[in-house]
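For reference, the structure discussed in these notes is given below.
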Amino acid sequence: MYRTKNCGELRIANVGETVTLAGWVQRVRKMGGMTFVDLRDRYGITQLVFNQEVNPNLCDEANKLGREYVVQITGKVGERYSKNDKMPTGDIEIEVSELCVLNEALTPPFTIEDNTDGGDDLRMKYRYLDLRRDPVRKNLELRHKFCFEVRRFLDSKGFLEVETPVLVGSTPEGARDFIVPSRMNQGCFYALPQSPQTLKQLLMVAGMDKYFQIVKCFRDEDLRADRQPEFTQIDCEMSFVEQNDVIETFEEMTKYLFKQVRGVDLGVAPFLRLPWSEAMRRFGSDKPDMRFGMEFVELMDVLKNTGEFGVFNSAAYIGGICAEGCASYTRKQIDELTNFVKSPQIGAKGLVYARVEADGTVKSSVDKFYSPEVLNQLKEAMQAKAGDLILIISGDDAMRARKQLCELRLLMGSRLGLRDKNKFALLWVVDFPMFEWSDEEQRLMAMHHPFTAPKPEDIPLLDTDPANVKANAYDMVCNGVEVGGGSIRIHDAILQAKIFNILGFTPEKAQEQFGFLMNAFKYGAPPHGGLAYGLDRWVSLFAGLDSIRDCIAFPKNNAGRDVMLDAPSHVDQKQLDELAIKVVEK
Ligand code: ASP
């Protein structure tokens with residue numbers, strides 16, 4: 001037996017027992033004639049003590065231990081003279097009588113401590129060492145618990161976990177696919193699934209009724225802090241349901257997970273269901289952070305053509321937010337905000353501000369263009385009080401201006417400490433538009449995906465005004481993050497063909513790409529709908545992380561590389577030959 005106990009479980013009640021432990025050397029401290037070693041494993045740290053007077057040889061050996069050596073010890077549990085109440089094992093120590101070095105270790109390239117000196121790149125290269133650190137390991141434990149509770153909940157509701165293939169066909173209408181060459185079918189390629197969307201629909205046609213899968217999905221997109229080329233979804237689908245059934249089931253699951261995994265009681269009240277158009281109007285976002293207010297106030301009536309300010313007079317949208325108590329912002333602070341909204345990522349033309357002074361008068365950056373009455377109307381419209389700062393963005397493209405104002409609102413929310421990581425604001429955003437116009441493609445694109453059903457009452461509009469058709473789609477939003485989303489699906493081959501037509505597919509092309517689905521619909525498809533959650537995002541939200549990377553055991557970096565495995569990499573010419581693939585140097 002390598003060990004009789006682990007490094008996290010011994011307490012004062014164990015004093016007097018002889019135990020064997022195995023683990024890694026966290027640190028060695030020499031104090032006078034005593035040597036103290038912190039021994040670490042997944043479960044905790046236990047202090048070992050070696051006494052020069054009692055056993056000089058053993059003590060000498062202990063002094064030679066290096067950081068991260070793997071050792072096995074046997075000894076007696078003793079009560080500590082000076083206890084450490086910060087450690088669960090802090091009342092005891094092991095008076096070691098046998099020491100066996102199981103494996104030596106090179107000095108790790110960064111310290112294996114909660115606050116390590118290792119930078120991101122180094123930590124990723126030696127991820128197996130990084131994972132020895134408490135905070136990183138805890139994220140994986142949280143992830144495990146999360147998945148376990150998801151399975152427990154969905155099982156209790158009768159969902160079946162069904163695996164779907166990883167080698168599938170390429171799907172247009174999504175992100176870019178990762179493709180895999182086929183040796184046995186030269187010149188042909190599989191694609192890795194962006195999600196099991198069509199497969200789970202086929203499982204509904206197959207009568208599975210309630211499906212879920214914790215599943216890897218792959219999208220070859222440019223990466224951001226919260227994106228990975230491969231990520232995990234909790235993918236779900238149900239038959240004979242309407243939007244409300246799906247929402248209620250997954251709202252219950254969400255409350256359950258918050259309770260079981262995060263210890264947060266979200267209460268019995270249903271989550272807010274906010275129509276998309278209202279979310280855009282009030283927050284400029286389809287995933288509003290509702291931990292705080294600072295809602296948009298549209299100012300077209302107040303500021304357009306009521307003064308000489310040309311920018312506003314030609315604007316398609318003017319909107320403001322009111323930052324409470326920020327009237328004292330210095331010139332420099334205002335400049336920072338201006339630079340932020342004018343940065344290339346945000347792209348606003350500028351920022352107009354107005355301070356409400358202690359006496360209630362308004363001082364703005366556009367004073368010279370407006371009368372005091374208009375400025376007063378601005379104050380009223382914004383419901384601003386003395387000491388508040390009004391920030392205004394305008395633009396010729398209303399949607400774009402709203403998105404810019406949204407970024408500013410989020411920044412101000414962070415500055416004012418209104419985005420507390422321990423507070424959770426959940427809601428559903430519903431009634432999304434069915435299509436959005438793509439300038440790049442010069443055609444309508446599905447806002448969710450092409451299998452989403454329109455709202456039944458909007459079906460007649462498909463012929464006359466497709467741009468105004470609403471989708472039977474919903475997203476779950478938590479703290480400004482889209483944690484999940486889905487829709488009621490089309491289950492009728494004719495309606496599905498019509499949607500493909502609106503999306504610009506010829507009947508032949510639609511048949512070629514999606515014939516398998518449309519044919520399946522001809523064999524008795526039940527009405528169905530579902531959704532998928534982004535597991536990584538959700539776990540990182542629970543863990544209070546800014547990036548999903550730290551809740552993934554072996555993540556990729558911003559360039560999509562696994563620096564530990566050095567992937568992607570070149571392959572042997574022999575492999576390429578077998579696949580009949582020729583690489584062209586660019
Ligand atoms: N497959 C969709 C997605 O990955 C989710 C869904 O509609 O169920 O976004």
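The values are calculated or read from the model by the stated rules, or taken from the named source; none is laboratory data. Quantities reported herein were computed from a predicted structural model and do not represent experimental measurements. Virtual Cβ from ideal backbone geometry, glycine too; neighbours counted across all protein chains shown. The area values use the complete protein model at the heavy-atom level, side chains included, leaving out ligands, DNA and RNA. Shrake-Rupley method; radii C 1.70, N 1.55, O 1.52, S 1.80 Å.
Points to keep in mind about this one:
- One residue alone among A510, A553, A520, A567 is at pLDDT below 95, among the aliphatic types (A, V, I, L, M) and more than 16 Å from the ligand (Cβ to nearest atom), and that residue is A510.
- Scanning region 436-458 for residues that are assigned to a strand (DSSP E or B) and within 16 Å of the ligand (Cβ to nearest atom) returns E436, M445, A446, T452, P454.
- Sole residue being aromatic (F, W, Y), assigned to a helix (DSSP H, G or I) and within 16 Å of the ligand (Cβ to nearest atom), chosen from F250, F258: F250
- Scanning region 7-16 for residues that are part of a loop (DSSP other than H, G, I, E, B), out of contact with any Gly (no Cβ under 7 Å at 6 or more places or on another chain) and open to solvent by less than 70 Å² (accessible area, probe 1.4 Å) returns L10, G16.
- Within region 195-243, if we keep just the residues that are surrounded by fewer than 19 Cβ atoms within 10 Å (Cβ to Cβ) and acidic (D, E), the residue that is farthest from the ligand (Cβ to nearest atom) turns out to be D222.
- Flag: P193 does not match the condition of being closer than 27 Å to G504 by Cα, part of a loop (DSSP other than H, G, I, E, B) and modelled with pLDDT under 95.
- Any hit, region 399-413, residues being outside any helix (DSSP H, G or I) and open to solvent by 30 Å² or more (accessible area, probe 1.4 Å): no
- Criterion violated by A471 - all others in (1) hydrophobic (A, V, I, L, M, F, W, C); (2) open to solvent by 10 Å² or more (accessible area, probe 1.4 Å); (3) within 11 Å of the ligand (Cβ to nearest atom) satisfied: (2)
- Filtered residue count, region 339-350, keeping only those that are open to solvent by 20 Å² or more (accessible area, probe 1.4 Å) and within 18 Å of G319 (Cβ to Cβ): 6
- Apart from one condition, G544 fits all of (1) away from the ligand (no atom under 16 Å from the Cβ); (2) more than 24 Å from L426 (Cα to Cα); (3) surrounded by fewer than 19 Cβ atoms within 10 Å (Cβ to Cβ); (4) not aliphatic (A, V, I, L, M); the exception is (2).
- D359 passes every criterion in (1) touching a residue at least 12 places away in the same chain (Cβ under 8 Å); (2) open to solvent by 60 Å² or more (accessible area, probe 1.4 Å); (3) in a helix (DSSP H, G or I) apart from (3).
- Just one of the numbered conditions (1) over 19 Å from G486 (Cβ atoms); (2) open to solvent by 50 Å² or more (accessible area, probe 1.4 Å) is not true of A191: (2).
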